[in-house]
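For reference, the structure is listed below as structure tokens.
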Amino acid sequence: MAKNDCHHKDKIIDYPHSGHKRSEYILPLSYLFLTNFKLTEIGDAMLLGKPFRPMEPVRYAEPFDSPEWGFQVKWDGVRILVHKLGRKVVLYNKKLHERTNQYPDLIEECLAVLDCQEAVLDGEVVVLAEGRPHFPRVLKRDWATNPRTIRSLVQQLPIAYMVFDLLHLDGVDLTNLTFWQRQEYLQQLVAPGS
């Protein structure tokens, strides 16, 4: 599990909802990050252990600087929401499909790393090839359904989970907090590089 800590500004995407903007690129610390929102404003309420639609990006052709926008790395992977409920972990993709069986290695890592009873993490599963995300390889993992194939792919195509947000922690819906406040909770929960 890797906390997203790269700086990159060649593609910008944002999340428009109720006048707030968010992107998947790291924001320089001098910027304001407007993310006070409720998930009900973007289509679905967040229920622990149930799929819901995460914020979706909208692409912009050129990078820009603005105090009203935030930036994070856009990983070329599969968007996965991790729901931890005690010793159970359930994974959902952005299309609301369960992906728990496809990533048993992520389940094990979440149980080992997350020191909490309940959490909802938002991030992307990636397969790296020569240090860069390789989308066709992560799709091979994501589309696998045969248990024997999945076990084999865990060895052949190891994944990394690039966490970029923490939406729920131990009974508390964090979506009322600013992005920066949620990042502080995330940093306490997931050490960079873990």
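Go through (1) open to solvent by 40 Å² or more (accessible area, probe 1.4 Å); (2) more than 11 Å from the chain's Cα centre (by Cα); (3) in contact (Cβ under 8 Å) with a residue 12 or more places away in the chain and name the single condition Gly131 misses.
(3)
Given the conditions (1) within 24 Å of Phe71 (Cβ to Cβ); (2) buried (at least 18 other Cβ atoms within 10 Å of the Cβ), which single one is not true for Asn176?
(2)
Scan the stretch 142-163 for residues that are closer than 25 Å to Val190 by Cα, assigned to a helix (DSSP H, G or I), touching a residue at least 40 places away in the same chain (Cβ under 8 Å) and not aliphatic (A, V, I, L, M) and report the count.
Applying the first criterion (closer than 25 Å to Val190 by Cα) to the stretch 142-163 yields 142, 154-155, 157-163.
The next check asks that each one be assigned to a helix (DSSP H, G or I); those that pass are 142, 154-155.
Next, from what is left, pick out any that are touching a residue at least 40 places away in the same chain (Cβ under 8 Å): 142, 154.
Subsequent filtering for residues that are not aliphatic (A, V, I, L, M) retains 142.
Of the residues in the stretch 142-163, 1 are closer than 25 Å to Val190 by Cα, assigned to a helix (DSSP H, G or I), touching a residue at least 40 places away in the same chain (Cβ under 8 Å) and not aliphatic (A, V, I, L, M).
With respect to the numbered conditions (1) under 17 Å from Lys50 (Cβ atoms); (2) free of Cβ contacts under 8 Å to residues at least 12 places away in the same chain, which one is the sole condition not fulfilled by Ala112?
Tallying (1) under 17 Å from Lys50 (Cβ atoms); (2) free of Cβ contacts under 8 Å to residues at least 12 places away in the same chain, Ala112 fails exactly one: (1).
Collect the residues in the stretch 135-189 that are β-branched (Val, Ile, Thr), more than 15 Å from the chain's Cα centre (by Cα) and within 23 Å of Leu85 (Cα to Cα), keeping them in residue-number order.
If the condition is that a residue be β-branched (Val, Ile, Thr), more than 15 Å from the chain's Cα centre (by Cα) and within 23 Å of Leu85 (Cα to Cα), then Val172 is the only one that fits.
Report every pair of residues separated by at least 6 positions or lying on different chains whose Cβ atoms are under 9 Å apart, first residue within the stretch 78-100 and under 18 Å from Val172 (Cα atoms), second open to solvent by 10 Å² or more (accessible area, probe 1.4 Å) and aromatic (Phe, Trp, Tyr).
Leu81/Tyr92; Val82/Tyr92; His83/Tyr92
Please determine, by comparing only the residues of the stretch 85-128 that are assigned to a strand (DSSP E or B), surrounded by 18 or more Cβ atoms within 10 Å (Cβ to Cβ) and among the charged types (D, E, K, R), which one is nearest to the chain's Cα centre (by Cα).
Top of the filtered list is Asp122.
The values are calculated or read from the model by the stated rules, or taken from the named source; none is laboratory data. These figures come from a predicted structure and were not determined experimentally. Don't worry about glycine lacking a Cβ; one is built from the backbone with ideal geometry, like all the others, and counts go over all protein chains shown. Just so you know, the surface numbers come from the protein's heavy atoms only, side chains and all, with ligands and any DNA or RNA stripped out. Shrake-Rupley method; radii C 1.70, N 1.55, O 1.52, S 1.80 Å.
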